[in-house]
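The structure appears below as structure tokens.
The values are calculated or read from the model by the stated rules, or taken from the named source; none is laboratory data. As the structure is a prediction and not an experimental result, all values here were calculated from the model. Virtual Cβ from ideal backbone geometry, glycine too; neighbours counted across all protein chains shown. For the accessible areas, the whole protein counts, side chains as well, though only heavy atoms, and no ligand, DNA or RNA atoms are used. Shrake-Rupley method; radii C 1.70, N 1.55, O 1.52, S 1.80 Å.
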Amino acid sequence: MASSHNTHFLESLAPHPGSAAHTVAYIVHQLGYWPEDSLVLVLADKTLGPLARVDHKKKRTHKESVSLISHLFQTLSENSLSEGNVPHFLLAIFGPNTPTRRRQLEHHLNQPPHIDEIESDQIASTQCAYWEQAGLESASTHGKTLLDVLYIGEVSYWSIHPLTQKLTLSGLIDEVQRTDVYLNLLLSGSSVAPCESEAQKYYLPSLEHSCDLETKNWWEGEMVLWLNEYIRYIKASDSTYAKDFLSQKYFENVLWNHALQQVIEVSTQYQHRKTAEFADAIRKTLDPHLIAFLGATLTSELSAQSVIYTVALGLEETTSFYHQLSRAYKNSSDHDILCPLGYEQYLVSAQKLMVQRNESSQTQNTDTIDRSLKKFASVLLGKHPVRPDTQRIAAAEIICALILRIYEQPETAQAYIVLGWGSWATGQCSKAREYVRRAKEQLPYEQVFLKNIEQLPPWLGKGI
């Protein structure tokens, strides 16, 4: 199963429910690919909202169909459902990913469909008609209105006709690619692969292009050089790295925050982020020495979780969290903090900030420590009510992509956990699942805390 709810699209370019072509365009952009043998449930109000997808290859009984729809409702955020602000939903059934469908989705191969291909879609659509009754019963159960049932076949898409109440031909699937919704989302930086396996190849942001290959090669060489140096030092038997664990990890998060802010500043200047110009601007702004340090110091599950917390809520909340931990666990300060050359001022600033926090707190409050730990866990597990900053999530994705596209090793695999959480937090569960799979290939199972990424976080229901 996979769920998707891309916050950026929803807030800016989500279409109004009503047009079957627009709905299909919205679904495939939200997922990032054309699904196959799938049932998709889309919540809707004034615009289309969160959606959930599940594999669907066999014909089901009425009871099984109603149960599956209820399961999709449960998969979507309970918060978005309970507030009563998402009163409608649609169902879309996608057929198999056949050579005929792939032909129609490729501009250079596309051709007018044969009448027998359309008739084949018609037969398949009639076999899906039972979903309307299942949808109506589910609508009654969940107090919502079923707006439409769609079938997307090899060459055409079908929707419920308002008079006959039967699935009727609405258009050809290649027409979906020419709708304003589809094209506007492409312009916003979205992309749609012909199938999920193809989409997985492009999950990591591509920063490969460059208008200055000499500088690009120098930047990547410097990053690999320093990353190897840091990893060798950290893994050395006599290394003193992180002996003062809390101070070391807090400082690393200060530097993560600095890098995130740099990426956000560059990103706001570029509408299109898949260009060589954007990639060059990122490399020009980010110090390869710093990115190497950030990659090498993602040494544990807690390191990745701490970065996630900083990405989600900002440095102020991270400072408060580490302050509480240092008071509870008598943090030692007898060891030096590993600091990249040229960033000593950030270390001094971090140490001063922590001293100020300590001076402002005269007595230890166990309840406060417990609340800090619970808040930390609530963010990681998607239970926190406040929506994370999506700009910071996108910035973290770029930083992790810079690390992993150049140095994909077990030592940097925790970056996939950061990526997986960010995708899940923005409702891109198919993408999150792939990142987690890659992490599991290189990390011990106990270091992968993202084990239930099918349930969407409650904050995705906000603002619909």
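Below, the figures for the structure above:
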{"read-out": "Filtered residue count, region 322-356, keeping only those that are open to solvent by less than 50 Å² (accessible area, probe 1.4 Å), farther than 25 Å from Tyr233 by Cα and modelled with pLDDT under 80", "value": "3"}
{"read-out": "Checklist (1) touching a Lys or Arg at 6+ places or on another chain (Cβ under 7 Å); (2) at pLDDT 90 or above applied to Tyr157, failing item", "value": "(1)"}
{"read-out": "Cross-chain or 6+ apart pairs with Cβ under 6 Å, region 180-198 first and on the phi > 0 side of the Ramachandran plot, then surrounded by 18 or more Cβ atoms within 10 Å (Cβ to Cβ) and at pLDDT below 85", "value": "Gly189/Arg273"}
{"read-out": "Residue list for region 146-181, filter: part of a helix (DSSP H, G or I) and either within 21 Å of Thr98 (Cβ to Cβ) or open to solvent by 40 Å² or more (accessible area, probe 1.4 Å) (or both)", "value": "Ile173, Asp174, Glu175, Val176, Asp180"}
{"read-out": "Output for region 120-131, where each listed residue is assigned to a loop (DSSP other than H, G, I, E, B) and surrounded by fewer than 20 Cβ atoms within 10 Å (Cβ to Cβ)", "value": "Gln127, Ala129"}
{"read-out": "Hits in region 220-244 - residues which are more than 13 Å from Tyr407 (Cβ to Cβ), touching a residue at least 24 places away in the same chain (Cβ under 8 Å) and open to solvent by less than 70 Å² (accessible area, probe 1.4 Å)", "value": "Ile234, Thr240, Tyr241, Ala242, Asp244"}
{"read-out": "Residues located in region 187-214, provided they are open to solvent by 70 Å² or more (accessible area, probe 1.4 Å) and either of a type in the set (Val, Ile, Thr) or within 22 Å of Asp174 (Cβ to Cβ) (or both)", "value": "Leu187, Ser197, Tyr202"}
{"read-out": "Output for region 86-107, where each listed residue is modelled with pLDDT under 95 and assigned to a strand (DSSP E or B)", "value": "His88, Phe89, Leu90"}
{"read-out": "Residues of region 247-271 satisfying the condition of being β-branched (Val, Ile, Thr) and open to solvent by 20 Å² or more (accessible area, probe 1.4 Å)", "value": "Ile264, Thr268"}
{"read-out": "Every residue from region 96-133 that is touching a strand residue (DSSP E or B) at 6+ places or on another chain (Cβ under 8 Å) and under 15 Å from Cys195 (Cα atoms)", "value": "Gln104"}
{"read-out": "Which listed residue is within 26 Å of Trp218 (Cβ to Cβ), open to solvent by 30 Å² or more (accessible area, probe 1.4 Å) and at pLDDT 95 or above, from Lys284, Lys274", "value": "Lys284"}
{"read-out": "Residue match in region 111-119 (condition: of a type outside the set (Lys, Arg), under 19 Å from Gln177 (Cβ atoms), modelled with pLDDT of 90 or more and part of a helix (DSSP H, G or I))", "value": "yes"}
